[in-house]
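What follows is a short report on a single structure.
The values are calculated or read from the model by the stated rules, or taken from the named source; none is laboratory data. Keep in mind that this is a model prediction, so the values were computed, not measured. Quick reminder, even Gly has a Cβ in these numbers, built from the backbone with ideal geometry, and neighbours come from all protein chains shown.
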Amino acid sequence: MSDFVHPIERRMAFTLTSEERLRRQLADTWYVPRGIVGWFSVADHKTIGRRYIITAFGFFIFAGILAGLMRIQLAVPNNHFVGPDLYNQIFTVHGTMMMFLFAVPVMEAMGVYLVPLMIGTRNIAFPRLNAFSYYVYLFGGVMLVATMLLNTAPDVGWFSYVPLAGPDYTPGKRADFWAQMITFTEVAALAVSVELVTTIFKTRAPGMSLNRMPLFVWSMLVTAFMVIFAMPTVVLCSTFLLLDRTVGTQFYNPAEGGDALLWQHLFWFFGHPEVYIIFVPALGIVSSIISAFTWRPIFGYPAMVMSLVATGFIGFGLWVHHMFATGLPALGLEYFTAASIVIAIPTGIQIFCWIASLWRGRPRFHTPLLFVLGFFAIFVLGGLSGVTLASVPFDLQVHDSYYVVAHFHYVLLGGAVFPLIGGIYFWFPKMTGRMMDDRLGKVNFWLFFIGFNVTFFPMHILGLEGMPRRIYTYPDSMGWGTLNLVSSLGALLLVLGGVLFVYNVVRSYAWGLVASDNPWGAETLEWATSSPPPVYNFLHIPVVEGRSALWNRSPDASVVTGIRSDVREVLLTDVMDAEPVTVTEYPEPSIWPFLCAVVTSAFFVGSIFTPWALPVAIPPLAVTLIGWFWPKKRDHAREMEEHAGDGTVPPEGRLRALREARA
Amino acid sequence: MIFRFGGDQSAFDPHGPIARSIATHGWWLLLVCIAVYFIVMTAFFIALARRRRETDDLPETSARLTRNVGIAVALTVLILIGIATSSVVAGRGLYSPSGAGAITVDVVGHQWWWDFQYHDITPSDVFTSPNELHIPVGVPVVLKAMSTDVIHSFWVPNLMGKRDLIPGIVTNTWIQADEPGVYRGQCAEFCGHQHAHMALQVVAEPMDKFQQWVRHQREPASEPSTDEEKRGKDVFMQSPCVTCHSIRGTDAGSHVGPELTHVGSRLTLAAGTLPNARGHLAGWIVNSQSIKPGNRMPPNALAPDDLQALLAYVRSLQ
């Protein structure tokens, strides 16, 4: 401990031990506000992260029900369960919701919850922006659900190709709801990504240099950067679409010199990185679970990190493999074949390193690891079918057929959702303080695993037999009936698995075994604090001594001191080596981000109906932003106090104390 | 090939050089991938099930693992280079016609039907064949892909892969059948309400039969011969039919819907939705919306006599 004690702390030193005193003061300082206004003011990353995760799973269930309806419709040929109008809405909302409202947000939500804990800080950077992003995401999702329930949902596919989605071929407001839903979710995703990058780069605990960062944090960092570079493209192209539809611009109208292919380039320039945005965090989850359940660090850490980063870069060079059938020049297509094949290399490296980790370790087959093993069996197959899709000639036959449907469910459900569910089983004790039931979890896993393969494997064959995607029915004579029926029956198992999962979550939350701080004996910092973590995350910010923060910790490990506990002060460290640099103060909880999100959402929804929504929204938006950024009166007073020399020292002086404490 | 996938639209049941080349390449691709899958899964199960040893945590073990991972990555790279090369070789010449084709046909996509327009230097010899592409066997046919409304994708799995029909962009591709036959195809790019019912037939015939067909198609519609057919023609000309459909040799000249000059000789109705039979035609004319909801043809409340006469006339347009 340093010899520096803040005067306020000194004054409070009556009867309590210093630990207990600190605990109380931190809890006071980092309080989570109560009451209705308080509920909407919370800026704690754990609360927001939990809400994000629960909301995303809500959308997952909704979109899953839609998938069930599709499987009922396709179970037999010439079915009249739903008509083309409803079916087109259902598959559009299913795809849109799974991609934009479940998969990306839930992965970012895992990051929002876990990253600050894993890197040893008190909150996510820009906590108010974090709250704002959650509400914008929530409102955008609710809007899409509402359109579905009102039978006026988008019906032009999750990719909304123009000119079909343009004003001439989709009159009404359906495609506008789609375009604005994009804006909602992308604003939210961009906000979270900025927070994550800042959090990871600037607030890591001292000693956690980049080459000691947990693989999950690396995966979130890569994901956040991918979001920052990919999402603006989709905001741009969906806004062009909205302008074409509302104010008569002609970006995509070939009759007026617009270009129908422009949409596809812009959309897939986002759309292909999007699948890696979903998949890369899942790789981080897989690494976390494998290391925890083999009690060994992941084999080949540098190779794993380089693979993640390489995936992030190469992911931007593949978008044209969604456009092989458009008639682009053959030489150009072959470049994209090569690029699409190259991305299999970093993925292969990671698979091999995990197999080496499992080989070297002593696997304990609890539910989280089972889901990861299921991930292997499914994802490797999906990755290989992805390699076949990279071949232009083969793709020309299977493109937009059920083969592709099978492929991307193998990589997205198998590659991302299986690890995610495993991750929920893994981190549930940390998030709630209770263990999930392992026996139910194993039943859950087998239902999912068998149900998944029965549902999606036959789709490979259906695609090779020529069944196109996005058809609401098919004639009996095509011979696709049997496999479709098998697939629909498999979906039933998936539904059962889903119900069991929800039951297990609810039951365990109420009556599960109480979890210790580190029930799995895992290596990363989130397991150093209590389960669930206190609002301030760590009593003392730890000093990290190795790649496995907990396994490498010496018994007399030092902690950071000198950070004020009477204000929301956070230690900032440098990007490469996580050396302490300075301190900063995070804002108090506030209702303004919520109000700002309400106004923003009203603007987004209003702009579907009239361009005047923009000028009308500016004044209230300005008011909420002013409220949000209004400086605190106390700031000035404190600044004076800190420079007055009455026993306190300015930040530079305190940081010196800090460095000494480390030494 | 060893076994075939079933169904009319199987990509592994090729009847033309393009589809055959893709199918051969596709089989190799699938076999290699299946082999890799089983090798990776074997390594995976060995890693899980192997007996653990005291030496596992020694640095030598780590070094051995590193070497093995390196070998696996090197093999991956080699296999991927093989796949990329095979893909480029298999794809050579598949996407655009290598030389001049025997004939050129415009493939025009509409919501939700196909129009095949046969070129000729003599303007009066140009004709269209909705939803039915006739080609001579054994020679390449150049296809010019285009669309008048939204994006569609032309796909006949037995003969060739997909080619998108994009409004504002015309691209060239080609098709060839090696054996006479009727091959089914279907729109592969989501194009709205009735994407599911946008099929087509490719009719491949020996050259002489094909030329006979072309000569017949160039002729205007046959005049009605019976009284009922004559009355049917009047019904056609006085009802909403005439606002969208054309029949060459008559006053009906609108090109909104498919041309009907030789509709009686076609295999299917409504873009492969129904077999071309009298009962289906009647149902289609009276209320096509019950068969293909959302299609552009309105219901026609015709008196029973008028309907019978109209059917007789339309069926006579051989």
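Here are a few things to note about the model shown:
- Whenever a residue of region B:215-237 is free of Cβ contacts under 8 Å to residues at least 40 places away in the same chain, it has no partner that is assigned to a helix (DSSP H, G or I) and surrounded by fewer than 17 Cβ atoms within 10 Å (Cβ to Cβ) lying with C-beta atoms less than 6 angstrom away and at least six residues away or across chains.
- Within region B:271-298, tally of residues that are of a type outside the set (S, T, N, Q), more than 14 Å from chain A (Cβ to nearest Cβ) and in contact with a Ser or Thr (Cβ under 7 Å, 6 or more places away or on another chain): 1
- The residues of region B:242-296 that are without any contact (Cβ under 8 Å) to a residue 12 or more places away in the chain and either over 30 Å from B:D125 (Cα atoms) or outside the structural domain of B:A309 (by TED's automatic domain parsing) (or both), listed by number, are B:G279, B:H280, B:G283, B:Q289, B:S290.
- Among (1) in a strand (DSSP E or B); (2) touching a helix residue (DSSP H, G or I) at 6+ places or on another chain (Cβ under 6 Å); (3) more than 28 Å from A:S391 (Cα to Cα) - the single one B:T128 does not satisfy: (2)
- In region A:378-398, the residues that are over 26 Å from A:A282 (Cα atoms) and of a type outside the set (S, T, N, Q): A:V392, A:P393, A:F394, A:D395, A:L396, A:V398
- The one condition in (1) surrounded by 23 or more Cβ atoms within 10 Å (Cβ to Cβ); (2) of a type outside the set (V, I, T); (3) over 16 Å from B:A74 (Cα atoms); (4) within 10 Å of chain B (Cβ to nearest Cβ) that A:G348 fails to fulfil: (3)
- Residue in region B:188-222 that is farthest from the other protein chains (Cβ to nearest Cβ), counting only those that are in a loop (DSSP other than H, G, I, E, B) and touching a Pro at 6+ places or on another chain (Cβ under 7 Å): B:P206
- Hey, A:Y403 at the interface with chain B (Cβ under 10 Å from one of its Cβ atoms), buried (at least 22 other Cβ atoms within 10 Å of the Cβ) and within 18 Å of B:L29 (Cβ to Cβ) or not: yes
- Some residue of region A:325-339 being touching a Ser or Thr at 6+ places or on another chain (Cβ under 6 Å), within 10 Å of chain B (Cβ to nearest Cβ) and among the polar types (S, T, N, Q): yes
- B:H110 being modelled with pLDDT of 90 or more and more than 9 Å from chain A (Cβ to nearest Cβ): yes
- Residue within region A:254-264 that is surrounded by fewer than 21 Cβ atoms within 10 Å (Cβ to Cβ), in contact (Cβ under 8 Å) with a residue 24 or more places away in the chain, aromatic (F, W, Y) and under 19 Å from A:H321 (Cβ atoms) present: no
- Flag for B:I135 being assigned to a loop (DSSP other than H, G, I, E, B) and among the β-branched types (V, I, T): no
- Only residues that are over 19 Å from A:W178 (Cβ atoms) and within 10 Å of chain B (Cβ to nearest Cβ) were counted in region A:259-280, giving 2.
- Among the residues making up region A:491-502, a single one is crowded, with 20+ Cβ neighbours inside 10 Å and farther than 13 Å from A:I61 by Cβ: A:A491.
- Close pairs (6 angstrom Cβ cut-off, 6 or more residues apart or separate chains): more than 11 Å from chain B (Cβ to nearest Cβ) and farther than 15 Å from A:M213 by Cα in region A:287-301, buried (at least 24 other Cβ atoms within 10 Å of the Cβ) and of a type in the set (V, I, T) anywhere: A:I289/A:V372
- Annotation note: Cβ proximity below 9 Å between a residue of region B:75-90 that is more than 7 Å from chain A (Cβ to nearest Cβ) and a residue that is of a type in the set (S, T, Y) and surrounded by 18 or more Cβ atoms within 10 Å (Cβ to Cβ) (sequence gap 6+ or interchain) occurs for B:S86/A:S391.
- Any hit, region A:129-142, residues being free of Cβ contacts under 8 Å to residues at least 40 places away in the same chain, outside any loop (DSSP other than H, G, I, E, B) and farther than 24 Å from A:E585 by Cα: yes
- The requirement of being under 15 Å from A:N151 (Cβ atoms), touching a residue at least 12 places away in the same chain (Cβ under 8 Å) and either in a helix (DSSP H, G or I) or not acidic (D, E) (or both) is fulfilled nowhere in region A:70-80; no residue meets it.
- Taking the numbered list (1) surrounded by 23 or more Cβ atoms within 10 Å (Cβ to Cβ); (2) closer than 26 Å to A:F428 by Cβ in turn, A:R296 passes all entries but (1).
- Test: residue in region B:38-52 that is more than 7 Å from chain A (Cβ to nearest Cβ), of a type in the set (A, V, I, L, M, F, W, C), touching a residue at least 24 places away in the same chain (Cβ under 8 Å) and within 30 Å of A:V398 (Cα to Cα): no
- Complete set of residues in region A:503-518 that are within 30 Å of A:N552 (Cα to Cα) and surrounded by fewer than 18 Cβ atoms within 10 Å (Cβ to Cβ): A:L513, A:V514, A:S516, A:D517
- Which numbered condition B:L143 fails, given (1) without any contact (Cβ under 8 Å) to a residue 40 or more places away in the chain; (2) in a strand (DSSP E or B); (3) at the interface with chain A (Cβ under 8 Å from one of its Cβ atoms): (3)
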